[in-house]
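The next block holds one structure in the form of structure tokens; read it before the comments.
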Amino acid sequence: MKQFLPFIYVLLAQLLLTWLFPGLATDYRDKISISIIVGLFCLVFVLGTIRLSTALNVSQSQFNARYFGSMGLRMLMALILIAIYLKTSNVINKVGSIFLLISYFVYMGFEIRIILHKLRTNSEKSQNTDDARK
């Protein structure tokens, strides 16, 4: 549970920014839409991280396939949500759209930070093996 605290902190910070920063959303409907999308981002990344945490004990090739496959699905989901937001919005909100894109990359950064030890241990092992061959 402790590993998911950064996701919750980022969600709270994003919600505060959405509701307190005057230029981020055009009206209350826009604030609610951005809040819902940011909440969905957080939920999807928490569920994805839980799924990846259970896959840490599989082989490197299986882990890479799961990670990059889920990353592609989350990216597609994020783009679809942003497109829905732009289609349903009364006024095209460029700042809100950029905020949603930045939110996606922030969540992606925290997820990479959580699984980084899996990537590092295997890369160090393969580098040590390559050095031994030389």
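Every number here is computed from the coordinates shown, using simple stated rules; none is lab data. Please read these numbers as outputs of a predicted model, since none were measured by experiment. Please note: Cβ atoms are built from the backbone with ideal geometry, for glycine as well, and neighbour counts cover all protein chains shown.
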- How do ARG66, ARG113 line up, fewest other C-beta atoms within 10 Å first? ARG113, ARG66
- Message: If each residue of separation counts as 0.36 nm, what is the full-extension length gain between SER97 and PHE4 once their alpha-carbon separation is subtracted?
- Response: 31.0 nm
- Query: What does the helix-only formula give at 222 nm for the chain: each DSSP H stretch with n ≥ 4 adding -39500 (n - 2.57), the total divided by the residues, and the result rounded to the nearest 500 deg cm²/dmol?
  - Reply: -30000 deg cm²/dmol
- Note on the structure: Listing PHE105, PHE45, PHE4 by rising number of other beta-carbon atoms within 10 angstrom, fewest first, gives PHE105, PHE4, PHE45
- Query: At q = 0.17, 0.18, 0.20 Å⁻¹, what base-10 log of I(q)/I(0) does the Debye formula yield for the chain when every alpha carbon is treated as an equal point scatterer in vacuo?
  - Reply: -0.89, -0.96, -1.11
- Item | Distance in nm between pseudo-label sites at TRP19 and ASN64 (7 Å out along the Cβ direction from Cα) | 4.4 nm
